[in-house]
Amino acid sequence: MSVMSNWIMVLGASLAGGVVSLVGGLYLLYGKRGAKILQRVAVPFAAGALLAASFFDLLPEALEQSEAQLIMIITLTGFIGFFVLERFLHWFHHHHEHDTSAHQGTIRKSSAALIIIGDILHNFIDGLAIGAAFLVNPATGIVTTIAIAAHEIPQEIGDFGLLLSKGMAKKKVMLVNICSVGATIVGALLVFGLGESFSLSEPILLAVTAGFFIYIAASDIIPSIHAETSMRVANIQTLVMLAGLLFVAATTLLAHKVIGHSQSPVHQEAHVQTERE
């Protein structure tokens, strides 16, 4: 029963994270003016949430279970790895547009397809992060889910807007994003299931996830705050980012205090069996 409840918890967390992102996209469809304000606030909040989850939860958990030098190397590898992946996707996108520049309709369709593929891949990676976090303990899983949901809101608003600008119907945009939610769930359950079956290295998974979070905050989100032309808005966004950082940091401490710092039931049973042998 304890193992089953943990599976249900992973499923519920990954589903909740996806639903939150859908809400942001729906807000764009039916309240465009409000969506711009929401995006301006959600983006810096997400940066603070991701950084807090990395430095207050994921990295401390990884460092407790492995050597500091190895964890730092893996975190940097995760950071660079996601940078290379993003550069490849950008190269593929521009290269593909260049090859089909003679056909504007084809450009729109191919660009929309690339946006969809990128969104589903991104959500799948988010799911991997959620599953890896729940392998450690429920508290880390919940904190990671909150951080991912925070950054999914502005991301989905952006993706909704891009797909609409490519001429895609609202119903199709909704269908695409429901599929993206499914990718998050599949990623979370896949990693959690593999962890149960093959005893995946939790510190490495956590370090890679931390590298992923730090990369998103440092390369995609914080530069957008620096690019803000209004000093007043930029100052507000800075305060919102700090609020996101403090919120997730406090949530981390509260979650570990209330839920506990123990490992997931799956790994508790594995350790018990190892001790018996």
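Going by a ≥ b ≥ c, the root eigenvalues of the Cα gyration tensor, does the stretch 159-255 fall in the rounded group (a/c under 1.5), the prolate group (a/b larger than b/c) or the oblate group?
oblate
Once you charge only the Cβ atoms, +1 for Lys and Arg and -1 for Asp and Glu, what is the size of the charge dipole of the stretch 110-236 about its Cα centre, to the nearest 20 debye?
440
Answer rounded, prolate or oblate for the stretch 110-195, using the Cα gyration tensor with square roots of eigenvalues a ≥ b ≥ c: rounded when a/c is under 1.5, else prolate when a/b is larger than b/c, else oblate.
Because a/c hits 1.5 or more and a/b exceeds b/c, the stretch 110-195 counts as prolate.
Sort 157-163, 232-238 by packing, meaning the average of other beta carbons within 10 Å per residue, with the highest value first.
157-163, 232-238
For the stretch 154-216, rounded, prolate or oblate, judged on the Cα gyration tensor with a ≥ b ≥ c (square roots of eigenvalues), a/c < 1.5 rounded, else prolate if a/b > b/c?
oblate
If contacts are Cα pairs under 8 angstrom and at least 6 residues apart, what is the relative contact order of the stretch 134-248 in percent?
Relative contact order of the stretch 134-248: 28 percent.
Measure off 7 Å from each Cα along the Cα-to-Cβ vector at M174 and I236, then give the distance between these two points in nanometres to one decimal.
Here the answer is 3.0 nm between the modelled labels.
Taking all protein chains in place and a 1.4 Å probe, what share, in percent, of the accessible surface of the stretch 159-225 do carbon and sulfur account for?
Using a 1.4 Å probe with all protein chains present, the stretch 159-225 comes out at 72 percent carbon and sulfur.
Please give, to one decimal in nm, the separation of the simple spin-label points placed at V19 and L76, each 7 Å out from Cα toward the Cβ.
4.2
The values are calculated or read from the model by the stated rules, or taken from the named source; none is laboratory data. In this text, all values refer to a predicted model and were calculated from it rather than measured experimentally. Here the Cβ is made from the backbone with ideal geometry for all residues, glycine too, and neighbour counts use every protein chain on show. Calculation scope for accessible area: heavy atoms of the full protein, side chains included, ligands and nucleic acids excluded. Shrake-Rupley method; radii C 1.70, N 1.55, O 1.52, S 1.80 Å.
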